[in-house]
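Worksheet: one structure, shown below.
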């Protein structure tokens, strides 16, 4: 049984694309999708607002870099790199409190990359993850402002 059959990537992608369409004009506090769980981030930072802002600013840089690395790794069929980047992204999304939304698909990518059989399922899962991350970066930029 394929791992992706336990987790329906089509439903995941449909939800992500719907969310992305709904958040394309996302630019005011009233339009916030609240993908990021600020309460969780505040716990990590123990109330230190400077540290919180530093973490957010670092993730605003790291997540798009990891998205780009993943795209290249998928294009070049670099399964080891896919595994490594998925692991890095899992850490980043955990810090932002996005694990409930995209932690499972990232874990699936890590697992699928170990089999090194095909990128098709990985590409499908990654498309949804990328959409969520793009919206979350917009939100993180507003939080850091």
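By the beta-carbon count within 10 Å of each Cβ, the least crowded to most crowded order of 100, 130, fewest first, is 100, 130. Computed with the Debye formula from one identical point scatterer per Cα of segment 45-145, without solvent, the log10 of I(q)/I(0) at q = 0.10, 0.12, 0.14, 0.20 Å⁻¹ comes to -0.27, -0.38, -0.51, -0.92. Each residue in 51, 79, 126 was given a count of other beta-carbon atoms within 10 angstrom of its own, and listing them fewest first yields 51, 79, 126. Note on residue 127 and residue 115: the model spin-label points, each 7 Å out from Cα along the C-beta direction, lie 1.9 nm apart.
Arranged by the count of other C-beta atoms within 10 angstrom, fewest first, what order do 60, 74 take?
60, 74
No value in this document is a laboratory result; all are computed from the given coordinates. All figures in this text were calculated on a predicted structure; none of them were measured in a lab. Counting neighbours? That spans all protein chains shown, and the Cβs are built from the backbone with ideal geometry, glycine included.
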